[in-house]
């Protein structure tokens, strides 16, 4: 069985085929460096061990391991996060092959050629054995393939473009911004740019700083505040103090403007594209401003209803083709 894995810093996204049907699953990253107590025996344990170190999934832990750094891609907790997502997905534990990703800055060198040492390092990292509270996780990973981030997300759009057209793929994740200028039919890559310091974590970290004098929160909890920033009832429940809510909302808006400006500065490096696609967990934060500032017609501007899955679904479609349209 082959599983496609977009192992981003904020969430692990999975896609696979089950009797011809494409299925997806998303699992947030929030792992602390110790085991947790499980009082409910009917729940799946989330205590893991890898190379002598112990981790557990804890969505509320303020001591969760930082994953918003490029080195996370090769870390022990990255491997644990992949196994955790597999175990939570409902897929029967078995021998599997996986296709994973690397940010463009890690995948390509300055000549737009694959960095074989990084790709090999990623493969070896993903193949490490993970134990689930003393027992093997049940998933044994065999062959590991590595694809660059962002580019596969545009597969469906690119196959339908005219020969002289090209697509600018803007992939904003929790940690990195990957931008790729790809020619129609995926016939070639004109240009790429990756900035490992531009990501939604710009907003996430500021929320945590604003609340530091009031309470400590995890990165996962801060991400949820971004997602639910327009839901007054949700925010009131999470932050009963009105002044704190105002400070958080103001911080989100201020850092969102900063994030948009940095993304637009990167896009200014590119020219000659005819279409744009925004993907990744931060796509909805920046898409409207990108379309406005690039003057790309709405018919040539693409964002999906759930842009977090664009990359992993594109990976599957490139390799196998989608049977669900």
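Name every residue in the stretch 66-86 that is within 14 Å of the chain's Cα centre (by Cα) and part of a helix (DSSP H, G or I), in order of residue number. If you could, list the steps in order and put the result at the bottom.
We begin by selecting, within the stretch 66-86, every residue within 14 Å of the chain's Cα centre (by Cα); these are 67-70, 72-73, 78, 81-82, 85.
70, 72, 73, 78, 81, 82, 85, listed by residue number.
So which residues in the stretch 128-142 are touching a strand residue (DSSP E or B) at 6+ places or on another chain (Cβ under 9 Å) and either farther than 18 Å from residue 89 by Cα or surrounded by 18 or more Cβ atoms within 10 Å (Cβ to Cβ) (or both), if there are any at all? Working first, answer last.
Our first condition is that a residue be touching a strand residue (DSSP E or B) at 6+ places or on another chain (Cβ under 9 Å); within the stretch 128-142, this holds for 128-134, 137-142.
Across the stretch 128-142, the qualifying residues are 128, 129, 130, 132, 133, 134, 137, 139, 141, 142.
For the stretch 107-125, give me each residue that is without any contact (Cβ under 8 Å) to a residue 60 or more places away in the chain and either assigned to a strand (DSSP E or B) or within 20 Å of the chain's Cα centre (by Cα) (or both).
Taking the stretch 107-125 and keeping what is without any contact (Cβ under 8 Å) to a residue 60 or more places away in the chain, we get 107, 109-111, 113-125.
Hits for the stretch 107-125 are 107, 114, 118, 119, 121, 122, 123, 125.
Return yes or no: is residue 73 surrounded by fewer than 20 Cβ atoms within 10 Å (Cβ to Cβ) and touching a strand residue (DSSP E or B) at 6+ places or on another chain (Cβ under 8 Å)?
Working: surrounded by fewer than 20 Cβ atoms within 10 Å (Cβ to Cβ): no; touching a strand residue (DSSP E or B) at 6+ places or on another chain (Cβ under 8 Å): yes.
Considered against the rule, which asks whether it is surrounded by fewer than 20 Cβ atoms within 10 Å (Cβ to Cβ) and touching a strand residue (DSSP E or B) at 6+ places or on another chain (Cβ under 8 Å), residue 73 comes out as no.
Quick one: is residue 146 over 20 Å from residue 7 (Cβ atoms), within 21 Å of the chain's Cα centre (by Cα) and crowded, with 17+ Cβ neighbours inside 10 Å? I'd like the intermediate steps shown before the answer.
On the way: over 20 Å from residue 7 (Cβ atoms): no; within 21 Å of the chain's Cα centre (by Cα): yes; crowded, with 17+ Cβ neighbours inside 10 Å: yes.
Judged against the criteria, residue 146 is not a match.
Report yes if residue 235 is surrounded by 14 or more Cβ atoms within 10 Å (Cβ to Cβ), without any contact (Cβ under 8 Å) to a residue 40 or more places away in the chain and over 30 Å from residue 71 (Cβ atoms), otherwise no.
Working: surrounded by 14 or more Cβ atoms within 10 Å (Cβ to Cβ): yes; without any contact (Cβ under 8 Å) to a residue 40 or more places away in the chain: yes; over 30 Å from residue 71 (Cβ atoms): yes.
Yes; evaluated as a whole, the condition is true for this residue.
For residues that are out of contact with any strand residue (DSSP E or B) (no Cβ under 7 Å at 6 or more places or on another chain) and modelled with pLDDT of 95 or more, scanning just the stretch 92-127, find the one that is farthest from residue 48 (Cα to Cα).
116
The values are calculated or read from the model by the stated rules, or taken from the named source; none is laboratory data. Please read these numbers as outputs of a predicted model, since none were measured by experiment. All Cβ positions, even for glycine, are placed from backbone atoms using ideal geometry, and neighbour counts span all protein chains on display.
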